[in-house]
Structure formats: structure tokens, C-alpha cells
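Contents: one structure, followed by commentary.
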Amino acid sequence: MQQTSRITKVHRTHIGTGDGALVQLGRFLVANRMNRNKIFILTDANTHHLCLPVLLEQLPVLNHAAVLEIPAGEAVKSLQTAETLWLELLSKGADRDTLLINLGGGVVSDLGGFVASGFKRGIRYINLPTTLIGQADAAIGGKTGVNLGSLKNQVGSFYLPVAVFLYPRFLETLPFEHLRSGFAEVVKSALIGDAVIWHRIEKQGGGRILEMPLNSAFWRETLEKTVSQKLKIVRDDFTERKQRKKLNFGHTVGHALETFLNGAGGEGLLHGDAVAIGMVAEGYLSHKKCGLPMEEFRKMDAFLRATHHADIFKPHDIPQLIEQMYHDKKNAGGTIRFSLIRMPGVAVVDVVCTEAEIAEALQFVSNG
Ligand SMILES: NC(=O)c1ccc[n+]([C@@H]2O[C@H](COP(=O)([O-])OP(=O)(O)OC[C@H]3O[C@@H](n4cnc5c(N)ncnc54)[C@H](O)[C@@H]3O)[C@@H](O)[C@H]2O)c1
């Protein structure tokens, strides 16, 4: 089979995509004179078992790398795991020339990037995302971090990987619920920046898209657009002073739902499912505060509810959910700030909403 690949450079990060992405990784390691004895690969229990063999088959040179494994799931995205990994790196002789390769989903790339940013004041790392969330979003852009107690992503850094390689075949073993969860970030990307893609997605329907093979032209084109949009946003605003905040559409409510329903590290509600329901609530706020036409909001609402369960909280949970939102990193001056949309494809950042407005939006979600 002919191996296709594309390589671009954003900031200081090389991005390789396509069936030839792992070949590109091999070339990158040689071109950058990466010492094969100083390479560590971070996996979780699932990617160790499912993705590492694929990587090693294509790049046998990595058989020399030391493999670090963490349990799978959001609960390990913590300072404790970071400390365990730092100690393991130290005991296995890692130094400032070490390269860390993160082979996994958003948890592995967020945590591994954070570990790389702190170890010996910063070592190089590469992301090899193996989930849809990872390939469409989390692995790109150098936002690293861990959860603190039950609160999401409260400690972290902006620290770019030297390279990211998006190898589509890794996604072949991804369970359906994680595909659905990742799809929410793809929908978000369309809603904040690409009306054409949103209308295409909306016309197809979520159920049909999730049944399409991941190597179909539809998925390939949609993912390409999603990735290039994220790259552009990151290029323009790396440290999230303004435009990068757009990417948080659905996340203020989404993170509150994750914290509230999962507590300290549970896994009941997946990140993308929380963001999807977050987008319903924040779509409602977009209509009320930013003039998103009701007809457009109705389409979004119907689309998201058809793919994700909205009945995940009760009206009496609303005060606690709002309480969680005060911890969101976008806030300032004791207010809760949202990234909303004015139209599909047009985002607005730093929109302050009152508790009453947020409660009304959450009420709308729970009433269905
Ligand atoms: N840094 C960012 O910009 C950013 C953006 C979006 C999301 N995130 C973070 O990403 C995380 C969610 O990402 P996620 O859904 O990828 O989580 P994840 O890393 O926990 O992966 C989800 C599950 O899929 C398994 N898995 C991974 N690859 C697989 C494969 N190829 N085959 C079978 N199973 C596989 C994992 O073991 C895990 O059980 C959250 O912590 C979120 O906060 C970060």
C-alpha cells in the first residue's frame, strides 16, 4: 500500500499526518539525531497493549526505548502520577537529552506533556495520539496539565511538543463510546470556526457519521479541517489570551459536569460527552446573549441530543454545577465567562453570564 503523509511546521512543532506518519516519525528521529537509548515511551494500559505493537512493528528502532505505563483513564491525570513518572524517569537514567514519546489519548498527552515540561526544567516530547480527541484536539497546541482534586486541568503549562504524528490506523481499535466522545470535539471545532463543515456534519447526522469508516473521504476531510483550524488558532494565540479561548465552547459547562458527575477522577461521563451537553447549554446562552438565531440553535440542540445523553443531571443539581463553574480558568473578577457562538462558525469569547442566565440554560438542558 502506498503510504501517504503530510508534514507541516507550526511554531516549533512538526506535524506529520497520514498513513506514512510513522515513517515520518522515523525520519524525524534520525534527522534530529535523537539518541535511541534516551527515548522513553509513555503508554496507558490499553495503548501499551493495542498501539505499542503497531508502533514497534513500523519502527523497530524503538525497541530500544524504555516503556512507562500508567493505568487507563482520567483518574491518573494527577500530580501523584506525574511524581511517580518523574521518579521513574530519574531511576531509569533519564536526563536533559531524553525524549518522551506520548502514545495515547488526551490523558497521556496532557500528563506526558506536563511531565516533560517539568522534568529537569523541560525535556523534549513527541505526541502520538491514539484517540479521536487526541488526534483532533488534545495532542496539538502544547496545552499540558493535570487535574487537582476533582477539578479539571488546574495545574499545567503551555509547553510545545517538538513533533506530533497523527497516524489514522491507531484509531481502528478505539471503542465506540470514545469515538462518539471525540466526535464532540470535531463538532465543536466546526461550530466555532467552520460553518461549511458544520452544515455538512449536520446534514449527514451524527449517527450516520459515527458508522462511517474512519478512512472514508468524509472523515479524512473533516479531520484535516479540524486539525488545520486548531493549528491556526494556536499559531495566532499560543498562550490563550484571546482567540484560543474559542476552543472552550461547551467546556465551561462540560468541565463542571465532569467534575460534578465523576468526582475525583471517576470515569462515568466521558470528556466529549460532557462537552456535547455543555454545547447544548452554551448554545442556549449563545442564543440569549449573542444572537445565535433560534433556528440554528434548534438544529444544534437536536443534533447533539441525538448523539449524546442529555439527562445526566437533575434541576436540583444546578446550583452545585454553577458553583463548579467559578473554578473555570477563563474567569476574571469573580464572574463566570463563556466562549459562545454568534452563528455557526463565528465564536465570541469572554462573554459574562449571570447565575440566573446559566441556571435558565441548564434548566433548558434538563427539561429536554
Ligand atoms: N490539551 C488539550 O488541548 C486538550 C483538548 C481536549 C481534551 N483534552 C483532555 O483529553 C482528555 C480526554 O481525551 P481522551 O478521550 O483521548 O482520553 P483517554 O486518553 O483517557 O483515552 C480514552 C480511552 O481510550 C483508550 N484508548 C486510547 N487509545 C486507544 C486505541 N487506539 N484503542 C483502544 N483504546 C484506546 C484509553 O486507554 C482510555 O481508556 C481529557 O483529560 C481532556 O481534558 C485536552
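The values are calculated or read from the model by the stated rules, or taken from the named source; none is laboratory data. Everything numeric here is computed off the predicted structure, so don't read it as measured data. Methodologically, a virtual Cβ is constructed for each residue, glycine included, from the backbone with ideal geometry; neighbour enumeration extends over all protein chains shown. Remember, those area values only see protein heavy atoms, side chains included, never the ligands or the DNA or RNA. Shrake-Rupley method; radii C 1.70, N 1.55, O 1.52, S 1.80 Å.
As a rough guide to protection, the peptides 104-113, 53-62 ranked by mean Cβ packing within 10 Å, highest first, stand as 104-113, 53-62. Roughly how many percent of the accessible protein surface of region 240-312 is carbon and sulfur, given a 1.4 Å probe and a whole-percent answer? Carbon-and-sulfur percentage of accessible area, whole number: 50. Split the accessible area of region 60-214 by element, probe 1.4 Å, and carbon with sulfur accounts for 54%. Among the trypsin sites (Lys or Arg not before Pro) in region 222-269, those placed in a DSSP loop whose Cβ has at most 10 other Cβ atoms within 10 Å are R241. Helical content alone sets the calculated 222 nm signal of the chain at -14500 deg cm²/dmol, taking -39,500 (n - 2.57) per DSSP H segment of four or more residues and averaging over every residue. Within region 257-309, the GluC sites (Glu not before Pro) that combine a DSSP coil assignment with at most 13 other C-beta atoms in a 10 angstrom radius are E267.
Express in whole angstrom the spacing between the alpha-carbon centres of region 303-357 and region 14-51. The distance from the Cα centre of region 303-357 to that of region 14-51 comes to 37 Å.
Could you list, in their original order, any pairs among K289/K329; K225/K246; K299/K330; K120/K242; K242/K299 whose Cα atoms are separated by more than 23 Å? From the list (K289/K329; K225/K246; K299/K330; K120/K242; K242/K299), the Cα-Cα distance tops 23 Å for K299/K330; K120/K242; K242/K299.
In region 181-265, Cα pairs under 8 Å separated by at least six residues give a relative contact order of 31 percent.
Give the aspartates and glutamates reachable from K92 as a straight Cα distance under 15 Å; neighbours fewer than 8 places away on the same chain don't count. Filter leaves E69, E83. Excluding ligands, DNA and RNA, the accessible surface per residue across region 105-233 is 35 Å² with a 1.4 Å probe.
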